[in-house]
Protein chains: 2
Amino acid sequence: MTMQPATPTVLDSPLARKLSAFVRLSTDDLRVVSDLFRRRRNFGIGVEMIHQGQTDQTAFVLASGWACSYKILPGGTRQIVDFQVPGDFLGLRSVLFRTSDHNVEPITPVQASEVTQRDLLSAFAETPRLATAVLWAASRDEAMVVERLVDLGRRSATERMAHFLLELGARLRLVGMGERSGYSCPLSQYLLADALGLSAVHVNRVLRELREEGMLTFQKGRVTFDDYDALVELAAFDRAYLDHEGPLLT
Amino acid sequence: MTMQPATPTVLDSPLARKLSAFVRLSTDDLRVVSDLFRRRRNFGIGVEMIHQGQTDQTAFVLASGWACSYKILPGGTRQIVDFQVPGDFLGLRSVLFRTSDHNVEPITPVQASEVTQRDLLSAFAETPRLATAVLWAASRDEAMVVERLVDLGRRSATERMAHFLLELGARLRLVGMGERSGYSCPLSQYLLADALGLSAVHVNRVLRELREEGMLTFQKGRVTFDDYDALVELAAFDRAYLDHEGPLLT
């Protein structure tokens, strides 16, 4: 974990791009957002950035790399809640709650900026629009967890996989890290299985089926949408829950 | 749906009680919260208060009664996401998102106050502390959806039921509507089954088992904790994810 010098002029961060989907950010707003990126640190794969039960109220904004949030159950089993990509908050609940209710760890090397409760409060005091934007981002996170719930409750293995990889694609495109044709993806089949409530064997079979049907290919760390429209139809993927259609609050 | 006169002096609302678990609210803060309760309306059972796909950006704060949020899937099946009790927001995402990604309807007659995006923005501008408090409340909502996810992914039917009824008890106590011994609960076995991903027959059997083991009784619209501590142990219920331990932000 190393501290890096402040970069106060980074106005085009993934977080700024993401929040811009909700609120038109002025130069002043952007300066407040970039202030949140002051204390930037590097973390290696598997390092516990946030752990269940910790009480020191720290959150991070992910600047680069991928992370994973999960819960450990009393028996020791793990449930992955979601993956985080650049521009996402890690452990927003940790900064607001007395104790963190989940774990976060990098699945690639990451660079992330520490955000304290005091940082958030002073940012919100400077620009209340930013408060609604962060509330929007938290609501989008909740909407994604709801989709995981629908996955486990109501979607077939194939629908789950298609829906999940389409969602990831939409999230990555929002922050400039993917195209309609596909995206780089460091997730292992093991992580996918854990997140989607499937066995690794099942994940393997579903991905092979999707490839053979000409829908999508997930190989060598890259997801390629071979037939985007057919995939959207298969998964009944309605992007409304991601709310990416450009700033509502102008 | 009928309008009721403004009640600007209601400083002890369920919402104020709930937010007070996170932030010590000054009289000025309380006035801003009670302003959110200006436009109070009554809704009957089953009325669509918010519907999937609507674009008119309305949310509500529940003043009395119970509601239910759910998603309708393309095939027509329904997945209940959560139930709402007094002090809870209904459709907070609807007010921030272009289109609502879920439905909300009362399961008892409810009284609720309409909240617009403009109301939220002006409240946050008046008191940024309130913005963090609402963000806290949204985070608690997300934490509860995560627990539903863990329910479906990792908990047995009995553990799910125990965990869920303990959670509801904690939420109700926070707003003064329950005791350690139990609470009034209008949920049918059908609604419980839908929320917990069980069949109605299974719900019936699990509730009978819990009663016969002297853990809890759910009869005639009342949940009674016959052995609270044993139930907490059975469900491995760790309340940290609800963050009810008194104001962190003073």
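The values are calculated or read from the model by the stated rules, or taken from the named source; none is laboratory data. These figures come from a predicted structure and were not determined experimentally. Ideal geometry is used to build each Cβ from the backbone, glycine not excepted, and the neighbour counts take in all protein chains shown.
Considering only segment B:84-123, how many residues are away from chain A (no Cβ under 14 Å) and either in contact with a Cys (Cβ under 6 Å, 6 or more places away or on another chain) or not in a loop (DSSP other than H, G, I, E, B) (or both)? Here the count works out to 8. A:Ser139 falls short on exactly one of the conditions (1) among the hydroxyl-bearing types (Ser, Thr, Tyr); (2) crowded, with 22+ Cβ neighbours inside 10 Å; (3) over 14 Å from the mean Cα position of the chain (by Cα), and that condition is (3).
Might you let me know whether segment A:68-84 holds any residue that is touching a Pro at 6+ places or on another chain (Cβ under 6 Å) and modelled with pLDDT of 85 or more?
Our first condition is that a residue be touching a Pro at 6+ places or on another chain (Cβ under 6 Å); within segment A:68-84, this holds for none.
Looking through segment A:68-84, none of the residues is touching a Pro at 6+ places or on another chain (Cβ under 6 Å) and modelled with pLDDT of 85 or more.
Among the residues making up segment A:134-161, those that are within 30 Å of B:Ala125 (Cβ to Cβ) and facing chain B (nearest Cβ under 9 Å) are A:Val134, A:Leu135, A:Trp136, A:Ala138, A:Ser139, A:Arg140, A:Asp141, A:Glu142, A:Ala143, A:Val145, A:Val146. Can B:Ser100 be described as more than 13 Å from A:Ala138 (Cβ to Cβ), at pLDDT below 90 and buried (at least 23 other Cβ atoms within 10 Å of the Cβ)? Criteria met by B:Ser100. Does B:Val32 satisfy the condition of being surrounded by 17 or more Cβ atoms within 10 Å (Cβ to Cβ), of a type in the set (Val, Ile, Thr) and within 14 Å of chain A (Cβ to nearest Cβ)? Here the answer is yes, as B:Val32 does meet what is asked. The set of residues in segment B:33-68 that are small (Gly, Ala, Ser), touching a helix residue (DSSP H, G or I) at 6+ places or on another chain (Cβ under 9 Å) and in a loop (DSSP other than H, G, I, E, B) contains only B:Gly53. Residue-level analysis places A:Leu234 among those that are touching a Ser or Thr at 6+ places or on another chain (Cβ under 8 Å), crowded, with 20+ Cβ neighbours inside 10 Å and on the phi < 0 side of the Ramachandran plot.
Could you check, for segment A:70-81, whether at least one of its residues is within 29 Å of A:Asp28 (Cα to Cα) and touching a residue at least 60 places away in the same chain (Cβ under 8 Å)? The answer is no, given that none of the residues of segment A:70-81 is within 29 Å of A:Asp28 (Cα to Cα) and touching a residue at least 60 places away in the same chain (Cβ under 8 Å). Condition check: under 20 Å from B:Leu135 (Cα atoms), among the charged types (D, E, K, R), in a helix (DSSP H, G or I) and at pLDDT below 90. Does A:Arg129 satisfy that? Answer is yes for this residue.
Filter segment B:206-223 down to the residues that are more than 21 Å from B:Met144 (Cα to Cα) and surrounded by 14 or more Cβ atoms within 10 Å (Cβ to Cβ) and list them by number. Before the answer, list the steps.
Of segment B:206-223, the ones more than 21 Å from B:Met144 (Cα to Cα) are B:206-222.
If the condition is that a residue be more than 21 Å from B:Met144 (Cα to Cα) and surrounded by 14 or more Cβ atoms within 10 Å (Cβ to Cβ), then B:Val206, B:Leu207, B:Leu210, B:Arg211, B:Glu213, B:Met215, B:Leu216, B:Thr217, B:Phe218 are the ones that fit.
Consider segment A:1-32 and keep the residues that are closer than 15 Å to A:Val175 by Cα and outside any loop (DSSP other than H, G, I, E, B). The one that is modelled with the lowest pLDDT is A:Val23. Within segment B:41-59, is even one residue within 14 Å of chain A (Cβ to nearest Cβ), within 19 Å of B:Leu92 (Cβ to Cβ), crowded, with 22+ Cβ neighbours inside 10 Å and among the small types (Gly, Ala, Ser)? Yes, segment B:41-59 contains at least one residue that is within 14 Å of chain A (Cβ to nearest Cβ), within 19 Å of B:Leu92 (Cβ to Cβ), crowded, with 22+ Cβ neighbours inside 10 Å and among the small types (Gly, Ala, Ser). Exactly one residue out of A:Leu198, A:Leu174, A:Leu166 is modelled with pLDDT under 95 and within 15 Å of the chain's Cα centre (by Cα), and it is A:Leu174.
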